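To start, the structure itself, in structure tokens.
The values are calculated or read from the model by the stated rules, or taken from the named source; none is laboratory data. Not measured: the values here are computed from a predicted model. So basically every Cβ, Gly included, is an ideal-geometry build from the backbone, and we count neighbours across all protein chains shown.
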Amino acid sequence: MLRILTPIGLILGLVIAVVLVTLHGYEAITRDLASLGWGVALLPLAFLPDILCAALSWRMLFRPGRAPGLATTITARWIATSVNTLLPLGGASGDLARLRVVMQAGTAGTDAVASVVVDKTVDAVTLVLWGLIGIGFLVAKEADGALIGGAFSASVLLAIGVAGFVMVQRAGAFGFLARRIFGSNTKKTMTEIVESAADLDATIRSLYGMPIRLLLSILLRLLGRIVVSVEVWLAVALMGQAITIWDALMLRSLIGALRGAAFFVPGGWGLQEGGYVVIGGLMGLPADFMLAVSLATRGRELLISLPGLLAWQHIEGRSLWKRYVAKRRR
């Protein structure tokens, strides 16, 4: 199903983005972007704390002594973000990429997969909290009741989904599926798959049995999301307008929650642009200017993600070369 939804979501999102740019004036948006100039190179600096906090948050989700090195974790998170941003393959593609990075660095497969599964839960929890922060600002601004109600309903649905996801994990979903598929097969390989799935379930349950580490992981991830709000504030300032850091926090939180909930739309195309227009209107900023701000943040995504993809290719190429050399020596 996701394979079908992802390309459809991408196409519809791009169409919406193009329509918004066309309706609100390509020339005006281009002029606003041009006013940013070389300031776009400063935006990645505002985003770096988010990658660092995400990496530290992820490291908390390994059993003590099992986590990969900090440099490896940061690199893996950076590559995952780059893959999810630039390759329209769905959110799981970035997770697979970071799994390969840490496993090639020597992390045990069970520990790596379990940490990523729980990390997805942490990410979803922070999205709920992030969205509630934005809703709080909407209430403070006395925004339209329908907008507040819609945002709150989306947060509640996401919270229900998170609770269900946690329950499935704690119930031993991987072992259950493996037993259903391979349980009647007596071949050694199939038996090993069932045993590995059971080990994975046990590792996931052990991670949920570390509430302090889970809480710290959530707080670190939320801190990263909060700090990255500086990116919006900086972009608006460099383009000649002024908003408060609280307005930037509201904008970033609501857009971030929207993009996270609509995970089947790669890059949140169309959703982000429409969200910037609507929320920017609450702050008294014109639609063409907010579309320019949205495109400026996408420029930052490009500056961060292109080197990330190159780094991933370097790591994969080096691994392939090592396997080739080892094979030749046999």
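Within the range 240-255, residues that are among the basic types (Lys, Arg) reach partners that are in a loop (DSSP other than H, G, I, E, B) with beta carbons closer than 8 Å, at six or more positions or on different chains, in the pairs Arg252/Val228. Here Val277, Val293 are screened, and the one residue that is part of a helix (DSSP H, G or I), farther than 18 Å from Pro44 by Cβ and within 23 Å of the chain's Cα centre (by Cα) is Val277. Summed over the range 62-101, residues that are out of contact with any Phe, Trp or Tyr (no Cβ under 9 Å at 6 or more places or on another chain) and of a type in the set (D, E, K, R) total 3. Residue-level analysis places Ile304 outside the set of residues that are of a type in the set (Val, Ile, Thr), over 20 Å from Gly37 (Cβ atoms) and crowded, with 16+ Cβ neighbours inside 10 Å. Among helices (runs of 4 or more DSSP H) entirely within the range 25-113, having at least 1 residues that are in contact with a Lys or Arg (Cβ under 7 Å, 6 or more places away or on another chain) and under 22 Å from Ala124 (Cα atoms) singles out 43-59, 70-86, 91-104. Considering the range 195-273, the qualifying helices (runs of 4 or more DSSP H), each wholly inside and each with 2 or more residues that are of a type in the set (Lys, Arg), run over 211-227, 245-261.
Being basic (Lys, Arg) and crowded, with 22+ Cβ neighbours inside 10 Å, is that true of even one residue in the range 74-83?
yes
Could you go through the range 39-59 and let me know if any residue there is closer than 23 Å to Leu320 by Cβ, in contact (Cβ under 8 Å) with a residue 12 or more places away in the chain, crowded, with 22+ Cβ neighbours inside 10 Å and of a type in the set (Phe, Trp, Tyr). No.
Looking across the range 88-129 at every residue that is in contact with a Pro (Cβ under 8 Å, 6 or more places away or on another chain) and at pLDDT below 85, the one that is surrounded by the most Cβ atoms within 10 Å (Cβ to Cβ) is identified as Gly90.
Just one of (1) of a type in the set (A, V, I, L, M, F, W, C); (2) crowded, with 18+ Cβ neighbours inside 10 Å; (3) closer than 20 Å to Val122 by Cβ; (4) without any contact (Cβ under 8 Å) to a residue 24 or more places away in the chain trips up Leu207, so point out which. If we test Leu207 against (1) of a type in the set (A, V, I, L, M, F, W, C); (2) crowded, with 18+ Cβ neighbours inside 10 Å; (3) closer than 20 Å to Val122 by Cβ; (4) without any contact (Cβ under 8 Å) to a residue 24 or more places away in the chain, just (4) comes out false.
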